[in-house]
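Peer 1: Let me give you the structure first, and then I'll get to my questions.
All of the numbers you see were taken from the coordinates with simple rules; none came from a lab. None of these values were measured; they are calculated from a predicted model. No Cβ is skipped: glycine too gets one built from the backbone with ideal geometry, and neighbour counts run over all protein chains shown.
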Amino acid sequence: MPGKKDSLQGSVTTRDRTEITEPPLYKVLLHNDDYTSMEFVVSILIGIFHKSPAEATRIMLNVHEQGIGIAGIYSREICETKIDKVHSLARLKEFPLRCSMERA
C-alpha cells in the first residue's frame, strides 16, 4: 500500500547477550611436615583463613593424620595471596609449612 508507513520499519532492536561466567575456584592445601607445630597450623587457619577454633583444629588434625588438608576454597588470586601469607608467617617462625593450590 503506497503511502502507508510500515510500523515495524526502523524499530528493530537487538540484544547483546553477555554471558557472565564465575571464575574457577581453587583449594588451598596445607601439607604435613614433622616440624611445624600443631598450634601454629591452628593459628594460621584462624588468622588467615578465618576458621573457628573448632574447625581449625579439625583441619589441622586432617593435615596431621592424612598428610594434607583443605584450608579453604577461593578464586585463584585470593588463593595465591593466602598462600604467600602462610609462607611468610611460617618463615618468620622458622617452620617449613607448605601450602599449595589445586583446582576445585
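Peer 1: Starting from 0.36 nm per residue, how many nanometres of slack lie between Arg103 and Glu39 once their C-alpha separation is accounted for?
Peer 2: Full-extension gain reported as 20.3 nm.
Peer 1: Enumerate the amide H contacts of Ile68 below 5 Å, restricted to partners 5 or more residues apart or on another chain; note that Pro and chain-start residues carry no placed amide H.
Peer 2: Distant-sequence amide H within range of Ile68: Asn32.
Peer 1: Restricting attention to the stretch 58-104, which GluC sites (Glu not before Pro) occupy a DSSP loop and are surrounded by at most 13 other Cβ atoms within 10 Å?
Peer 2: Here the sparse-neighbourhood loop sites are Glu94.
Peer 1: Per residue of the stretch 69-86, what does 6.51 cos²θ - 1.76 cosθ + 1.60 with θ = phi - 60° give for ³J(HN,Hα)? Whole Hz please, x for Gly and Pro, Karplus curve as stated.
Peer 2: My calculation for the stretch 69-86 gives x, 8, 7, x, 10, 8, 5, 4, 5, 5, 4, 4, 5, 5, 4, 4, 5, 4 Hz in order.
Peer 1: What FRET efficiency do you get for Ile68 and Ser88 if R0 is 22 Å and r is their Cβ-Cβ distance, rounded to the nearest 0.05?
Peer 2: Result of the calculation: an efficiency of 0.60.
Peer 1: Ok, one more. Test of understanding: what is the full-extension gain from Ser75 to Glu22, defined as 0.36 nm times their sequence separation minus their Cα-Cα distance?
Peer 2: Residue separation times 0.36 nm, minus the Cα-Cα distance, leaves 18.1 nm.
Peer 1: In debye, nearest 20, what is the charge dipole magnitude of the stretch 25-103 about its Cα centre with +1 on Lys and Arg Cβ and -1 on Asp and Glu Cβ, if you could check?
Peer 2: Computed about the Cα centre, the dipole is about 220 debye.
Peer 1: Determine, for Arg17, Arg103, Arg58, the number of other Cβ atoms within 10 Å of each Cβ, and report the residues in order from fewest to most.
Peer 2: Arg17, Arg103, Arg58
Peer 1: Take the alpha carbon gyration tensor of the stretch 25-103, find the square roots of its eigenvalues, order them as a ≥ b ≥ c, and report rounded if a/c is under 1.5; if not, report prolate when a/b exceeds b/c, else oblate.
Peer 2: Because its axes are fairly even, with a/c under 1.5, the stretch 25-103 counts as rounded.
Peer 1: Which aspartates and glutamates, on any chain, are close to Lys27 with Cα under 20 Å apart, when same-chain ones fewer than 8 places away are left out?
Peer 2: Lys27 reaches Glu55, Glu65, Glu77, Glu80, Asp84, Glu102.
Peer 1: Related question: What ranking of Thr36, Thr18 emerges when the number of other C-beta atoms within 10 Å of each C-beta is taken as an exposure proxy, fewest first?
Peer 2: With the fewest neighbours first, Thr36, Thr18 line up as Thr18, Thr36.
Peer 1: Continuing with this model, one more query. Relative to the longest principal axis of the C-alpha atoms of the chain, give the angle of the C-alpha long axis of helix 38-47, reported between 0 and 90° and rounded to the nearest 10°.
Peer 2: 30 degrees
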